[in-house]
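Scroll down for the structure; my scribbles are underneath it.
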Amino acid sequence: MTKINLLPWREEARELQRKAFLSKLLAAAVGGFALVVVWVLLAQNQLDNQDSRNSYLQSNIADMDKKVAEISQLKSKKQEMLSRMKVIQDLQGNRSEIVKIFDELVRAVPDGTYLESLNLSSAMIKVSGYSESNNRISALMRNLDSSDKYINSNLTRVQHDARLGEQGSVFDLQVEIESTAESVQETTLQ
């Protein structure tokens, strides 16, 4: 029988298989590298797109922050204007009240009693003056207590003074304004 040496043919077939394997491996590596490059490019494109969206949002947020600051400033100005308007309305409403208070005070002062100074602080009037006698000071206090505008008259000081005769006196008196005291109590209760 003849013997045929198949070894070179097998070696050639193995060499062909090895080259085919290496070419497939190289093609797979190139394909994988290409996929990675495409994926990186897509990811970079998405990042750039998101960065541009973020910068757009940040610029709009900055604009909105400016508008919100302007609105809050306008609100504070509005509140300031409303408080000024309320003060003006209160002054307009109470304008006649101070006239009534002084008119009632003039009506309460008896003859022979003279007022030197008046100090108005919130709901209290402090009066300093002099009188011909202590009876006239008592009459002043009774007149103040019986008036519609005043309550709780309180004599804080009486001293002898010979300006108006030998029974003359200098006095200090405090009296509360009734309508103001009621409004203070109403605001305190509410």
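The values are calculated or read from the model by the stated rules, or taken from the named source; none is laboratory data. Everything quoted here is computed from the prediction, not taken from an experiment. Please note: Cβ atoms are built from the backbone with ideal geometry, for glycine as well, and neighbour counts cover all protein chains shown.
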When residues of region 97-145 are filtered for being aliphatic (A, V, I, L, M) and more than 18 Å from ILE177 (Cβ to Cβ), how many remain? 2
Taking region 157-166, which residues are touching a residue at least 24 places away in the same chain (Cβ under 8 Å) and either surrounded by fewer than 14 Cβ atoms within 10 Å (Cβ to Cβ) or within 57 Å of the chain's Cα centre (by Cα) (or both)? VAL158, ASP161, ARG163, GLY165
I need every pair where a residue in region 119-144 that is under 19 Å from GLU97 (Cα atoms) has its Cβ under 7 Å from the Cβ of a residue that is exposed (fewer than 15 other Cβ atoms within 10 Å of the Cβ) and of a type in the set (A, V, I, L, M, F, W, C), sequence separation at least 6 or different chains. ALA123/VAL184; ILE125/LEU118; VAL127/LEU118
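Here is a yes/no grid of residues against (1) under 26 Å from ASN94 (Cα atoms); (2) of a type in the set (S, T, N, Q); (3) modelled with pLDDT under 85:
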site	(1), (2), (3)
ARG107	yes, no, no
GLU132	no, no, no
MET141	yes, no, no
ILE151	yes, no, no
ARG157	no, no, no
ASP161	no, no, yes
GLN174	yes, yes, no
GLN185	yes, yes, yes
LEU189	yes, no, yes
Within region 71-93, is even one residue of a type in the set (A, V, I, L, M, F, W, C), under 30 Å from SER146 (Cα atoms), part of a helix (DSSP H, G or I) and free of Cβ contacts under 8 Å to residues at least 12 places away in the same chain? yes
Which one of these does LEU120 not meet: (1) modelled with pLDDT under 85; (2) not small (Gly, Ala, Ser); (3) not in a strand (DSSP E or B)? (3)
Given ILE101, ILE137, which one is modelled with pLDDT under 85, surrounded by 13 or more Cβ atoms within 10 Å (Cβ to Cβ), part of a helix (DSSP H, G or I) and among the aliphatic types (A, V, I, L, M)? ILE101
Scan (1) assigned to a strand (DSSP E or B); (2) hydroxyl-bearing (Ser, Thr, Tyr); (3) farther than 12 Å from LEU173 by Cα for the single condition SER96 breaks and write down its number. (1)
So which of SER128, SER121, SER117 is of a type outside the set (A, V, I, L, M, F, W, C) and surrounded by 10 or more Cβ atoms within 10 Å (Cβ to Cβ)? SER128
Mind checking whether some residue in region 102-125 is in contact with a strand residue (DSSP E or B) (Cβ under 9 Å, 6 or more places away or on another chain), over 14 Å from LEU144 (Cα atoms) and of a type in the set (Phe, Trp, Tyr)? yes
